[in-house]
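Shown next, in structure tokens, is the structure this report addresses.
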Amino acid sequence: MGGGSSPCASCKLLRRRCTKDCVFAPYFPPDDPHKFAIVHKVFGASNISKMLQELPVHKRADAVSSLVYEANSRMRDPVYGCVGAISYLQNQVAQLQMQLAVAQAEIYCIQMQQEPPNLQPQMVEPTDENCLLFASNDLDYNLQQYLSFASSSSSSSVMQDSVKRESLCTVDPSGDQFVPKRSPTYMFGM
Amino acid sequence: MASTRCAACKYLRRRCPSDCIFSLYFPSNNPQRFAYVHKIFGASNVGKMLQDLPVHRRADAADSLYYEAHCRIKDPVYGCVGIINILHQEIHNVQCQIAKIQAEIAFIGTHAQSDQQLQIAPNLDPNFLAEQKGLSNSFDDSSTWFF
């Protein structure tokens, strides 16, 4: 490399000359060879290069972070990869929504008991079923947008089946291990 | 004679051998499925990943690879990680809502308890009530407390 900087991690691994316009160089520095090794193993250098080139420059860093995250997940869990984490989180959301519904039913019942009787004409008996109606929110709509493809998959939906299972995920429940180390757009509460 | 090649071999324009690793998981009636995983992971990587797994896990692995590839094509920057972001956010939101409601329930419960104590006050020692309210307890005659 003739007195210039050392080749990036990808060019070192691929054993090629690291040009000054190497698409990998800004995102795979030579001091972290493992980062490129893992994305190369899962996605392949050629695919990563194509993906990065199709993105505007200011989005590439985030794309690399998410690719590294997915590659790490896949290495940790070769069967489900990231999808295992998604399934685990969906289960958690479902459980929390049930807790929320119970809490809302409880407070609704308390409020009903505190109202004077003459202010409750023809009101529906506050049952848990009624109260559960108040617990719905927009979460399901957001998720349904992503999950809608699953029902069109030719094989049984991994997402719908996985939600019904006890535990699929081999991921650390805290999720912190998978937090990309940069970019405020990742809202992991860093 | 109808072609019996799987979607992968059709896409790769090759003969589909009887022991093709892809044929069970990429049927010919869904060419998009293999096209997506090939675009993101590459046929060679997908083949290696499936080969490294026991046979009974390969179907789920193929499904999850398709899901990830689909997410990545839909969102080339964040892929599946975008969904994980959303889920983390939703978890946080719902936890906040639960905490808020539980605080309200606790507050209502405390309020109702102190109201109850006031209502049954004639039967209680007024000094006791004063202590509960944090007032000075210098009353000798309980009848003067309420007038």
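The values are calculated or read from the model by the stated rules, or taken from the named source; none is laboratory data. From a predicted model like this one, the values you see are computed outputs, not experimental measurements. Methodologically, a virtual Cβ is constructed for each residue, glycine included, from the backbone with ideal geometry; neighbour enumeration extends over all protein chains shown. Accessible surface is based on the protein model in full, side chains and every heavy atom, while ligands, DNA and RNA are left aside. Shrake-Rupley method; radii C 1.70, N 1.55, O 1.52, S 1.80 Å.
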Along principal axes, Cα extents of the range B:3-97, largest first, whole Å: 56, 27, 21
Viscosity 1.567 mPa s, temperature 4 °C, Stokes-Einstein D of the range A:11-123 from Kirkwood C-alpha radius, µm²/s: 71
Charged-residue dipole, Cβ positions (Lys, Arg, Asp, Glu), the range B:1-77 about Cα centre, Debye nearest 20: 360
Packing-based ranking, highest mean first, of A:65-78, A:18-31 given that Cβ atoms within 10 Å are counted: A:65-78, A:18-31
By average C-beta atoms within 10 angstrom, highest first, the peptides A:41-49, B:46-54: A:41-49, B:46-54
Whole-angstrom gap from the range B:83-117 to the range A:1-67, using each part's C-alpha centre: 46
Complex-versus-alone comparison for the range B:76-90, residues with a loss of 50 Å² or more in accessible area, probe 1.4 Å: B:VAL77, B:TYR78, B:VAL81, B:ILE83, B:ILE84, B:ASN85, B:ILE86, B:LEU87, B:HIS88, B:GLU90
10 Å Cβ neighbours from other chains, averaged over peptide A:80-93: 6
Local net charge near B:ALA8, Cβ-Cβ under 10 Å (Lys/Arg +1, Asp/Glu -1): +4
In the A-B interface, the accessible area buried, summed over both sides, Å² (probe 1.4 Å): 4900
Kirkwood Rh (inverse of mean 1/r, distinct Cα pairs), the range A:1-51, angstrom: 11.0
